[in-house]
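In what follows, a structure is listed as structure tokens, so that the remarks can point back to it.
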Amino acid sequence: MTSKPAAPSVSHPPATPRQQQEPALILQSISKTFAVKKGVLANQGLLRAVSDASLTLYKGETLGLVGESGSGKSTLGRIAAGLLEPDSGEVLLRDKRIVRPGEQPVQMIFQDSSSALNPRHSIGWSVREPLDIAESNLPLSIRKKKVEHILRLVGLMPDQAARFPHEFSGGQRQRVVVARALICNPEIVVCDEPVSSLDASVQAQVLNLLLDLKEQFALSYLFISHDLGVVGHMSDRIAVMYLGRIVELSDTEELFAQPAHPYTQALLASQPGLPADGQAGTIKRAELLGDPPSPLNLPAGCALHPRCPFVMPICREKVPELKPVAGTTAHLAACHLCG
Ligand code: SF4
């Protein structure tokens, strides 16, 4: 597990009690595999990217999705945004409609602004493009006014619309990507590693912008990152993924104070921004053995069992269900030790 920079300092809005919230997006039993070439003989292998993942994003909340590279979090994010079809399972909006590609209520912000923006077009054109597709009946002058308005909201000047992506810094380009995602008034935004390509000082500015816009437009965020520090600053709740499965789901504060799953404990242990003995001084910190197995050849039972210091015979045979941790209702973990 690589060490990560300390999380940038950002302001955090007060969380709304869950019982007052309604679902914005429901992911039901999502599974996704990819066929990949395997070895010199080029045999086809099946990469199990996401296995039976269920999550509910509530209206107005930020739900963090954290895990290492290859955990399936970006695949799950693209499925949530309607950009990828799951093999099985459904993504439902709050009115129970199934999310289809290009659905306006769900938009996505990608990590890499240079590939999200067409270098041959002005940033005004890139921001306006989703509107040109979705609301082509609107007069061009009104669409241009909307672009000017959204550019101001993300901290850019309307007269910068005629410039090209290479004329902007990385942080400014990411603001353009945010403007493009918001131009059609989405209800839900999937943010996939939105600041991981930026310097720490710029990260904080973009994260604060995302928090401001969330409040202003009553957005709901599915916020994906490999960095538990950043996810912790942004999210009301956090789901932890390991090799395609959600292994823990909890309110942010509880996850940091009382991580239940050995994988989450190990993620926290590798976070240099946290106090050595954990926030409350009682945090459990598991140390995992070895490296993650190939996603082309996942172990039977709990996928963490070859690395887990608490492994038991049942762990090698039975996949643990995601269920409430003993003594809680909203803190879930997929581990035979917790229940
Ligand atoms: Fe470790 Fe077993 Fe829990 Fe998996 S189910 S995390 S192997 S104790």
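Using the structure shown, decide if LEU268 is more than 10 Å from the ligand (Cβ to nearest atom), over 23 Å from SER225 (Cβ atoms) and either at pLDDT 75 or above or surrounded by 13 or more Cβ atoms within 10 Å (Cβ to Cβ) (or both).
On the way: more than 10 Å from the ligand (Cβ to nearest atom): yes; over 23 Å from SER225 (Cβ atoms): no; either at pLDDT 75 or above or surrounded by 13 or more Cβ atoms within 10 Å (Cβ to Cβ) (or both): yes.
When the stated conditions are applied, LEU268 does not pass them.
Looking at (1) in contact with a helix residue (DSSP H, G or I) (Cβ under 7 Å, 6 or more places away or on another chain); (2) under 30 Å from LYS32 (Cα atoms); (3) assigned to a helix (DSSP H, G or I), which is the one condition that is false for VAL91?
Only one criterion is unmet by VAL91, namely (3).
Which condition breaks for ILE98 when tested against (1) closer than 29 Å to GLU321 by Cβ; (2) modelled with pLDDT under 90; (3) out of contact with any Asp or Glu (no Cβ under 8 Å at 6 or more places or on another chain)?
All conditions are met except number (3).
Of all residues in the stretch 291-329, which are away from the ligand (no atom under 13 Å from the Cβ) and over 20 Å from VAL50 (Cα atoms)?
PRO324, ALA326, GLY327, THR328, THR329
Is there any pair with a first residue in the stretch 313-324 that is closer than 16 Å to LEU243 by Cβ and among the hydroxyl-bearing types (Ser, Thr, Tyr) and a second that is part of a loop (DSSP other than H, G, I, E, B) and near the ligand (Cβ under 8 Å from one of its atoms) whose Cβ atoms are under 9 Å apart and which are 6 or more apart or on different chains, and what are they?
none
Output the number of residues of the stretch 47-73 satisfying the condition of being among the polar types (S, T, N, Q) and either assigned to a strand (DSSP E or B) or at pLDDT 95 or above (or both). Steps first, answer last, please.
Looking only at the stretch 47-73, we keep the residues that are among the polar types (S, T, N, Q), and these are 51, 54, 56, 62, 69, 71.
Narrowing further to those that are either assigned to a strand (DSSP E or B) or at pLDDT 95 or above (or both): 51, 54, 56, 62.
Residues flagged as among the polar types (S, T, N, Q) and either assigned to a strand (DSSP E or B) or at pLDDT 95 or above (or both) within the stretch 47-73 amount to 4.
Looking at this structure, is VAL154 under 20 Å from THR62 (Cβ atoms) and either touching a strand residue (DSSP E or B) at 6+ places or on another chain (Cβ under 7 Å) or of a type outside the set (Val, Ile, Thr) (or both)?
No; evaluated as a whole, the condition is false for this residue.
Specify the residue that is nearest to ALA49 (Cα to Cα); the eligible residues are those in the stretch 330-339 that are more than 10 Å from the ligand (Cβ to nearest atom) and open to solvent by less than 60 Å² (accessible area, probe 1.4 Å).
Applying the filter and picking the extreme gives LEU332.
The values are calculated or read from the model by the stated rules, or taken from the named source; none is laboratory data. All values reported here derive from a predicted model rather than from experimental measurement. A quick note on method: Cβ atoms are made from the backbone with ideal geometry, for glycine too, and the neighbour counts reach across all protein chains shown. Each accessible area value is taken on the protein alone, full model and side chains, heavy atoms only, with ligands, DNA and RNA left out. Shrake-Rupley method; radii C 1.70, N 1.55, O 1.52, S 1.80 Å.
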